[in-house]
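Each value in this text was obtained by applying a stated rule to the coordinates, not by laboratory testing. Bear in mind that the values here come from a model prediction, so they are computed numbers and not experimental data. Because the Cβ atoms are built from the backbone with ideal geometry, glycine has one as well, and the counts that use them run over all protein chains shown.
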Amino acid sequence: MEQEYILARKTQLNFYRNVPLYINTKGVNFVIYKPSGMTLNDMRIEEGLFPEKLHIKQADKIKGIQEVQEVFNHQLKENIRDNNPRKVKETIINIMQETLTEPRSGSLEALSETVDILVTEYTSESDVIKYILDVSVKDYTTVLHSVNVMALVLGYAGYMNYPLDKKRILGLSALLHDVGKTKINTELLTAPRKLTDEEFLEIQRHTTMGYSILNNCKFRNKEIKVAALQHHEKLDGSGYPNRLVQISEAAKIIGFIDCYEALTNDDRPYRSAMDPLKALELMKYDVEAGKFEKRLFEKFAYSLL
């Protein structure tokens, strides 16, 4: 019976309205503590006037994530109206952290609303996108990397004056390009050392695993799952997982922006950040070697000015 219930996160207890909360009495029976249609009062939570452990049903987990996403998306709109880039970034990170606790159909599709908010409210303001990137967060994680890549991609899309639909697809593809890493051993992702060949092959699996996760979702545009699969492919066939030379446009764009973000972020566990200009100069060698598309790369460089 215990397997039917999971511990509810304390930081989100007041977000649940339609998801009931349960308490475990005497370690045997689960009885309802908060029914559907109600929320716990904020003051009650702040003062700790609730049981130490509350649970939700395993079957309600996706519904609970969707409720939390809805609250965070509302906060995101308020952060944007308040012109507060720090809060905007923190809220996007919170949305991603919550979503990736259960990265499957029902939770991942809800990120479309997050990207829609950013696209409609922000991409006409390129400076604001840059402010989001300038906001540092203490711990470098897959979530933070994905948020940074999305911001860079939306800045590029705004510079290119892409139509809204294309901005949405690119932004969502960027946000989800590394979703497969949720299935990779965290110790490998943060190892402050050179990986063995076997460990690197395990890391590479995040592309096919991401494709598999997104293939089970109900996104109408297949570009999103293709970008997750192909963003480490190179035009000269030297990439992975399939050594392709024909790559989708979204994967090409996310591929070199993913590389740029990794080089310039100052919170990587195994090295210091590289100056943006030096990073572009280093990447130019790969452009000249035929790994990245020159036209797209040059436009990206200009979008950073």
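Can you list which of the DSSP-assigned H helices in the chain have a Cα extent of 20 Å or more along the long axis and an average Kyte-Doolittle score of at least -1.0?
Helices meeting the span and hydropathy rule in the chain are 61-81, 85-99, 142-159, 249-264.
Between residue 52 and residue 273, what is the label-to-label distance in nm when each label sits 7 Å out along the Cα-to-Cβ direction? Distance between the two pseudo-spin positions: 4.2 nm. On the basis of the beta-carbon distance and an R0 of 45 Å, residue 25 and residue 216 show a calculated FRET efficiency of 0.75.
In the chain, the calculated helix contribution to ellipticity at 222 nm averages -16500 deg cm²/dmol per residue, counting -39,500 (n - 2.57) for every DSSP H run with n ≥ 4.
Considering only 95, 254, 203, the mean-square fluctuation computed in a Gaussian network model of the chain, springs between alpha carbons under 10 angstrom, is largest for 203. For the chain, the mean projected area of the C-alpha convex hull, equal to one quarter of the hull surface, is 17.3 nm².
Which value, in debye to the nearest 20, describes the size of the charge dipole of the chain about its Cα centre when Lys and Arg Cβ atoms bear +1, Asp and Glu Cβ atoms bear -1, and nothing else is charged?
460
The modelled label-to-label distance between residue 242 and residue 97, using points 7 Å beyond Cα along the C-beta direction, is 3.6 nm. Taking springs between alpha-carbon atoms closer than 10 angstrom, which of 34, 183, 194 fluctuates most in the Gaussian network model of the chain? For the chain, modelled as a Gaussian network with Cα springs under 10 Å, the answer is 194.
Structure remark: mean-square fluctuation, Gaussian network model of the chain, C-alpha springs under 10 Å; the largest value among 11, 114, 182 belongs to 11.
Applying a DSSP loop filter and a limit of 10 other Cβ atoms within 10 Å to the GluC sites (Glu not before Pro) in region 26-112 leaves 47, 52.
For the residue pairs 10/183; 225/294; 166/225, the alpha carbons lie more than 22 Å apart in 10/183; 225/294.
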